[in-house]
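J.: So that we are looking at the same thing, I have put the structure below in structure tokens.
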Amino acid sequence: ELLRMSSYAYMRDAYKDYAIAACIVHDTMKYGLGEFDKTQYKNHAKNASIAFAEFALECDYRPSEILLNAISAHMGQWSTEKEDRPFTNIDRCVHMADYIASRSFIDIPIVIEEWEQATAPLPSDDELPF
């Protein structure tokens, strides 16, 4: 939805793709790059960027700095490093998406209903109509 706002609507499609990709992977390393380590939470934005870059190179893909920066900047004003604060429109979009998604007062009933339907257990053979 944020990408429909005038601030982001005129971005090139590739940049919108970077924003979406950053939203998908931004929290993948919340507790360290290897072993579970709660002390790494403060570094999780940079760790996610590093881990994604390493994984991409293993797959013979050279990730864009734009994407890596958006991942690193997703924490916005709460980034511990000044260079990891949002700078570009893509960075700001990813940060806003993460911030809005983290608000506990946001409840989207249709999404919850669809999720419950999609994750409902499949019927057993005895319950099938045929």
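This table checks each residue for (1) of a type in the set (D, E, K, R); (2) closer than 12 Å to M75 by Cβ; (3) surrounded by 14 or more Cβ atoms within 10 Å (Cβ to Cβ); (4) under 12 Å from the mean Cα position of the chain (by Cα).
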site	(1), (2), (3), (4)
D13	yes, no, no, no
A21	no, no, yes, yes
I24	no, no, no, yes
T28	no, no, yes, yes
F36	no, no, no, no
T39	no, no, no, no
A45	no, yes, yes, yes
S49	no, yes, yes, yes
A56	no, no, yes, no
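J.: Right, another one. Return the residues of the range 83-117 that are crowded, with 19+ Cβ neighbours inside 10 Å and at pLDDT below 85; say none if nothing qualifies.
T.: D84, P86
J.: I've got another one for you. So the check is Cβ under 7 Å with 6+ separation or different chains; which pairs have a first residue in the range 76-97 that's more than 21 Å from Y41 (Cβ to Cβ) and in contact (Cβ under 8 Å) with a residue 24 or more places away in the chain and a second one that's open to solvent by less than 30 Å² (accessible area, probe 1.4 Å) and not in a helix (DSSP H, G or I)?
T.: As it stands, the answer is N89/M11, since those pairs meet every condition given.
J.: When the range 43-68 is examined, which residues are found to be of a type outside the set (A, V, I, L, M, F, W, C) and under 13 Å from Y18 (Cβ atoms)? Walk me through it before giving the result.
T.: Let us first name the residues in the range 43-68 that are of a type outside the set (A, V, I, L, M, F, W, C), namely 43-44, 46-47, 49, 54, 58, 60-65.
Residues satisfying the conditions are S49, P63, S64, E65.
J.: Could I ask something else about it? So for the range 39-50 (the condition being out of contact with any Asp or Glu (no Cβ under 8 Å at 6 or more places or on another chain) and in contact (Cβ under 8 Å) with a residue 24 or more places away in the chain), does at least one residue qualify?
T.: Taking every residue of the range 39-50 in turn, at least one turns out to be out of contact with any Asp or Glu (no Cβ under 8 Å at 6 or more places or on another chain) and in contact (Cβ under 8 Å) with a residue 24 or more places away in the chain.
J.: Moving on. Any chance the range 64-82 includes a residue that's part of a helix (DSSP H, G or I), open to solvent by 50 Å² or more (accessible area, probe 1.4 Å) and in contact with a His (Cβ under 9 Å, 6 or more places away or on another chain)? Outline the logic, then answer.
T.: First, the residues of the range 64-82 that are part of a helix (DSSP H, G or I): 65-72, 76-78, 82.
Pick out the ones that are also open to solvent by 50 Å² or more (accessible area, probe 1.4 Å) and you get 65-66, 69, 77-78, 82.
When the remaining residues are screened for being in contact with a His (Cβ under 9 Å, 6 or more places away or on another chain), the result is 77.
Yes, there is a match, as at least one residue in the range 64-82 is part of a helix (DSSP H, G or I), open to solvent by 50 Å² or more (accessible area, probe 1.4 Å) and in contact with a His (Cβ under 9 Å, 6 or more places away or on another chain).
J.: Restricting attention to the range 15-34, and to residues there that are in a loop (DSSP other than H, G, I, E, B) and small (G, A, S), which single residue is farthest from S49 (Cα to Cα)? Full working, then the answer.
T.: As a first pass, look at the range 15-34 and keep what is in a loop (DSSP other than H, G, I, E, B): 26-34.
This time we only want the ones that are small (G, A, S), so: 32, 34.
Working: G32: 12, G34: 14 Å.
Restricting to residues being in a loop (DSSP other than H, G, I, E, B) and small (G, A, S), the top hit is G34.
J.: To continue, here is another question. Exactly one of (1) assigned to a loop (DSSP other than H, G, I, E, B); (2) buried (at least 17 other Cβ atoms within 10 Å of the Cβ) is unmet by Y61. Its number?
T.: (2)
The values are calculated or read from the model by the stated rules, or taken from the named source; none is laboratory data. Bear in mind that the values here come from a model prediction, so they are computed numbers and not experimental data. Cβ: placed from backbone, ideal geometry, glycine included. Neighbour counts: every protein chain shown. Just the protein is used for accessible areas: all its heavy atoms, side chains included, with ligands, DNA and RNA removed. Shrake-Rupley method; radii C 1.70, N 1.55, O 1.52, S 1.80 Å.
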